[in-house]
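Read the structure below first, then the notes.
Throughout, read-outs are computed from the coordinates displayed, never taken from laboratory work. Here the structure is a predicted model, which is why all the values come from computation and not from measurement. FYI the Cβ positions are ideal-geometry reconstructions off the backbone, even for glycines, and counts take in every protein chain you see.
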Amino acid sequence: MAEAKPERDFTKRVNRPLELVVETLLFLAAALSVVVTFAILWVLLSQSVQFFSFPDVSVMRFLTDTRWSPEFYTADNPSLGNYGILPLLAGTLMVTLIALTVAIPLGMAIAIYLSEFAGPTAREVVKPTLELLAAVPTVIFGFFALNVVTPFLAQMLLPFGIELPQLNTLSGGLVVGVLIIPYIASLAEDALRAVPNQLREGSLALGGTRLETAVRVVVPAAASGLAGAFILGMSRAIGETMVVAIAVGAKVNLTFDPTQSSSTITAWIAGQYKGEIEFGSVVYYSIYSAGLALLVLTLLFNLIAFWISRKYREAY
Amino acid sequence: MTAATASLPATDGFVAPPNLKARKAADNLFTFWGIVATAIGLGVLVALIWDLLSRGGQLINWSFLTTIYKASALEGTGIGQIGVAQALMGSLLLMITVALIAIPVGVAAGVYLEEYAPKNAITNTIEIAVNNLAGVPSIVYGLLGLALFVPYLRPPGFEQVTLLAGAMTLALLILPIIIVASREAARAVPQAVRDAALALGATKLQTVSHHVVPYAVPGIVTGVIIALSRAFGETAPLIVLGVKTSQEFLPVALPGEVRPSPVQPANLDPTTLTTPDAIAGYFNYKQTITAVGQTTLSLPGDPATGGQGFLLELPAGESFTAPAQMGLNLSFVDPVTMADTVVRLDPGQTFVSSFAQKIYPVANFDQTSVVLAPGQSFEAPVGTIATTTFDQASALRTWVPDQWMLNDFTAMPLQMFNWTSQGGDFLPLAAAAGLVLLLATLLMNGVAIWLRYRLRQRIKW
């Protein structure tokens, strides 16, 4: 009998080069995220540096000047323009505060209701519907704010002698608040549901009502997750653009009166769209410096959220 | 036992705590508040739809979706050509392009992070980057695209924001959503599946491509649909890029369509271009004119002698080919000698630029027009030939399909934004566009939610 063919060596990996090529390609796809992150930072920083190198523009002025009007800059007379981000920052914080005033009570109520009170059927219906609310394009919310909420508010405020301008911070802030309800509700509900059932059962066994259990046991136990939810909702409110671009507008005005016209960082950037800004002009570079301020603000809040959830996480 | 129980008076076992009634009332009150809060959240969605329907509902019909909107429609005669065809087509093309870019990269990154990534500093960095990108405001992506994509992803010498630039920006925007969704879908596949495949001698790649990814597909699809619906409704980054919020033609030209140039060359007076019986157009892209009847195409003369020229930037090494039917003169300043130079090209002849040059392609003096017999076609070179007048009724212009990504475009949310900011008579239009937008995004998300629900029910691991 002929010698048997040697057995196939199963220890040898087949098709090694292909394995390596695919793994490399997949790695490159993943590494793209790092590249994009650095590209964003590089673009914002390098263009902002250009902005700060114009005469009369400086980092100091950017952070302390209370007026913002880079469009008035002319090469002959650069001092006509003003380059302080504070009015835009004030508008952004005002919109965010109004939004959180709306979204935290409502979002928390929804979250506690869904997690502690509602039956599984109600949850199965409400959660997907909230997701649908979160999926509505924000330009539609902007339309709603300008054409429904603002006229309604104007009518409500008229008896108090307040004449609400068509573009105002209040209605934009309220609608941004509605916009972030689904985010806060969903994240807060996740945090509440992560609290182990023994804690609830213990409280209920001691005679606590559902509300007492929720408020005194479940909510404190989920505090870090809830804080994370609020801050993420806040960073979304800060970055929201279309609602404020449509309902708040781009008229820069340093005020803390929400019934006045003012502008936010995002609304001002979006307000420069009309194709009138010239590549390489002061306004062109100024939108990058405003974008940098926006990114720093949101990253700061995201980091705080991350840090809180790390530091105060209760481990069960 | 029984005796002991019996000896306890029933009333002693339970003492009602003080203010139990009030506590229970508070409990019920909160239940009510929870329901009210939920109702407010969902009520907004209903109010939104109701408001859009009452304002723009009567405009919605098939012709609204397929009519190309002209700004003149609202002047004088009232409702005429009202529709969103150009915006809808722009949005669909944009979404397809975004999908082609973002899905392969996003799924690959998600699969890498879940299946391949070793636990080390590099992986950690990638994860932090993905999480960070998900939290970056969308308008910042617009700034990124404005600096990196808009100036480079367009034909040289032109100023439009191309569909490709918009798609690249939105693709980066939705990348984190797809990565996270693919990752979670891959994570949901039980370890036993991988162990079994590896134990049978499958390689890592075989395990992943034959077993993990197929099981993860429904989860990936859910994430992709949600991400694409986000791209469909996203407005802010496109505004920052400078995408047109309204334009009167489709992103892809129809046969027979005559359209204005995306950019008016500075040295041309637009008022001279339109005459009652002839239409002037620029040939900004490589495009073909096919004559329906007997057609004369007249091309401009030398700008120096009063004719109209067209400035074309020709980077070093790029070539320019004259059309097959006619020769052209290329006028430019020689970058070495600084002398005015004219290069004469015979029909079909090619000129290769040795330095970066700005050239004016103009007709030869001995041939300023081309006569096309019915059915005959004329191919205009890329980015050239200025005002070419021809009989509108007898000329057929077709767009070369490989160029549509480089055309300018508008999208549904931008069109809605445009009409919203104009207000007044435009509000019903804005509302109708909003309805179309809302319907499309809610439909996509509804499908995704349903898919995920089905998926959860079917899991039997």
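Here residue A:312 and residue A:56 are evaluated by their C-beta separation; at R0 = 60 Å the FRET efficiency comes out at 0.85. Ordered by the count of other Cβ atoms within 10 Å of each Cβ, fewest first, B:232, A:144 give B:232, A:144. Please list, by residue number, every one of the trypsin sites (Lys or Arg not before Pro) in region A:103-203 that is coil in DSSP and has at most 13 other beta-carbon atoms within 10 Å. Within region A:103-203, no trypsin sites (Lys or Arg not before Pro) qualify (loop, at most 13 other Cβ atoms within 10 Å).
Computed over neighbours whose Cβ is under 13 Å from that of residue A:30, the net charge equals -3, Lys and Arg +1, Asp and Glu -1. Would you mind calculating the relative contact order of chain A from Cα pairs under 8 angstrom and at least 6 residues apart, reporting the percent as a whole number? Taking the mean separation of contacting Cα pairs over the length of chain A, I get 24 percent. Using the rule -39500 (n - 2.57) for each DSSP H run of four or more residues, divided by the residues of chain A, the 222 nm mean residue ellipticity is -20500 deg cm²/dmol. Say the cut-off is 26 Å between C-alpha atoms; which of A:127/A:251; A:311/B:204; A:127/B:119; B:70/B:244 go over it? Too far apart for the 26 Å limit: A:127/A:251; A:311/B:204; A:127/B:119. Rounded to the nearest Å, what's the spacing between the alpha carbon centres of region B:103-174 and region A:132-174? Just the number, please. Their Cα centres are 34 Å away from one another. Taken as Cα centroids, region A:30-70 and region A:255-297 sit 12 Å apart, rounded to the nearest whole angstrom.
Annotation for region B:93-161: chymotrypsin sites (Phe, Trp or Tyr not before Pro) lying in DSSP loop with at most 12 further Cβ atoms inside 10 Å of their Cβ are B:152. Among B:115, B:318, A:124, the order by Cβ neighbours within 10 angstrom, fewest to most, reads A:124, B:318, B:115.
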